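Take a look at the structure below.
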Amino acid sequence: MSTLVLLSLLGFLVLFLGAFHQKKLLLPVAILGLVAAFITNALDWGTNHLWYNMMLYDNYAVSFTGLMIVTLILILLIASYHFRNEDSHVADIYALMIFVLVGALVMTSYSSLVMLFVGIEILSIALYILAGSRRLNLASNEASLKYFLMGAFASGFLLFGITLMYGVTGSFDLAAISDYANGTDNLPLIFNTGVVLILIGFAFKIGAVPFHFWTPDVYQGAPTLITAFMATVVKTAGIAAFYRLFDTCFSGIDGVWYNILWVIAVATILLGNISAVMQSEAKRMLAWSSVAHAGYLLLPVLALNELSSSSIFYYTAAYSVASVTAFGVLIAISQFNNEMPVDNYKGLAKNNPMMTLALVVSMFSLAGIPPLAGFFGKYFVFLTAMESNLNIAVIIAIAGSLIGIYYYFRPVIFAFNNDGQPMERIQTSWTFNFVLALGVFLTLLLGIFPDLLANLPGN
């Protein structure tokens with residue numbers, strides 16, 4: 001709870017600094033506040049606090065909250081380079097990101113469906129504004145409006161499902177819902193309908209097929225930094241909340257939701273990867289790949305066994321680090337050239353060796369190439385699924401990964417293509433270079449020593 005309060009106060013403090021035009025203080029205050037939040041969060045390890053039957057702050061919540069805090073720190077360090085020439089609204093963007101993190105924290109630690117809805121809305125409202133933060137850019141405005149409409153639609157499904165669940169069980173508490181679900185032989189149709197509606201609401205939020213319509217357009221239209229934020233912190237929060245609900249309430253039952261989730265997971269993997277192959281713009285390619293990764297993360301949710309939480313955590317950690325690094329390179333190149341086709345990477349290696357290394361490591365990790373973190377992320381996910389006899393889904397997922405190798409390798413090939421004029425040296429800040437170097441280091445470290453995170457969140 002102290003972490004939640006600290007992050008909330010930090011968001012308001014950043015807003016006040018912006019109001020008094022203290023731009024130089026924004027980044028150090030935000031980073032120090034997030035480091036303090038990370039420490040307070042880590043101190044809650046092993047405590048299992050239940051706050052007013054609304055929030056359960058256990059090791060699961062501590063692990064995912066810590067991951068999201070670290071990811072946001074990396075994104076803010078990139079933001080200092082991204083916004084170096086902008087004088088206005090930077091504080092607003094920093095504060096909104098922190099408020100999104102507040103909502104994400106609630107989503108990972110809820111023990112009541114009421115708090116789940118509150119967390120999703122806190123996160124979503126701030127994101128609607130962030131997606132349209134470039135007010136004079138029509139694409140950004142369109143992204144914000146589309147995200148708002150689709151998000152409101154998804155929230156309606158979720159709220160309707162929660163209502164039906166309460167109508168049947170008489171409680172919003174996850175433990176009470178679990179007792180009802182596991183103590184009833186023939187679950188009524190209205191209960192199963194509620195589960196399916198909640199599933200659809202979550203599928204919208206994480207961008208899973210066939211509720212992914214908004215994802216490519218919003219990811220492309222939003223500022224690249226915000227896209228990186230949505231693809232990492234927001235997706236981590238969504239999948240963590242998804243798993244907490246289904247593991248707590250429905251792990252002991254086999255309902256109609258199981259077959260629906262199986263189809264959604266497989267379709268998301270295939271469509272995400274196939275669509276990414278067909279993209280010529282790097283940002284849209286990464287958007288579609290984010291859809292595919294949502295499919296991989298649904299496999300442990302479908303499996304619901306003792307390996308699920310640790311495989312989800314490791315995968316989201318590996319994916320977040322690689323994605324932040326990849327989007328960082330994209331931000332640097334897009335500011336050198338406003339257009340974002342994949343062939344913009346041509347000749348990158350000649351004068352930008354560090355950036356090229358970051359590109360290679362991040363793309364290879366996202367593709368699942370050993371011995372990088374992304375390989376073990378997929379390995380753990382596939383192993384978890386096979387423990388629950390989801391062999392067909394795993395085979396399809398492996399086929400999707402093979403497809404992914406093609407489009408992840410394209411930017412790398414272009415980077416080493418020296419035909420014509422090589423890309424000139426891109427000047428970046430020390431914070432930006434630090435993030436790229438740290439991203440490369442962590443991707444290699446987690447790949448060589450996967451046991452560092454393989455047992456988290458633990459029990």
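Taken together, the values in this text are just the output of simple stated rules run on the coordinates, not laboratory data. Keep in mind the model is a prediction, meaning the values are calculated, not measured. Quick reminder, even Gly has a Cβ in these numbers, built from the backbone with ideal geometry, and neighbours come from all protein chains shown.
In the chain, helical runs assigned H by DSSP with n ≥ 4 each contribute -39500 (n - 2.57); averaged across all residues and rounded to the nearest 500, the mean residue ellipticity at 222 nm is -25500 deg cm²/dmol. A straight Cα-to-Cα reach below 15 Å connects residue 346 with the aspartates and glutamates 281, 419, 424, residues fewer than 8 places away in its own chain not being considered.
Tell me whether region 254-459 comes out rounded, prolate or oblate; compute the Cα gyration tensor, take square roots of the eigenvalues as a ≥ b ≥ c, and use a/c under 1.5 as the rounded threshold.
Cα axes put region 254-459 in the prolate bin.
Packing, as the average of other Cβ atoms within 10 Å across residues, places the peptides 110-122, 183-195, 438-450, 89-101 in the order 89-101, 110-122, 438-450, 183-195, highest first. Other residues lying with their Cβ under 15 Å from the Cβ of residue 104 contribute a combined charge of +2, Lys and Arg counting +1, Asp and Glu -1.
Extension gain for the segment residue 160 to residue 448, taken as residue separation times 0.36 nm less the Cα-Cα distance, is 99.1 nm to one decimal.
Checking the a/c ratio against 1.5 first, then a/b against b/c, what shape does the Cα gyration tensor give for region 36-143? In terms of gyration-tensor shape, oblate.
For the listed peptides 357-363, 430-436, a ranking on the average number of other beta carbons within 10 Å per residue, highest first, reads 357-363, 430-436.
For the chain, the relative contact order works out to 15 percent when only alpha carbon pairs closer than 8 Å and six or more residues apart are counted.
Nearest 20 debye, what's the magnitude of the dipole of the chain about its Cα centre given +1 on Lys and Arg Cβ and -1 on Asp and Glu Cβ?
Dipole size: approximately 1040 debye.
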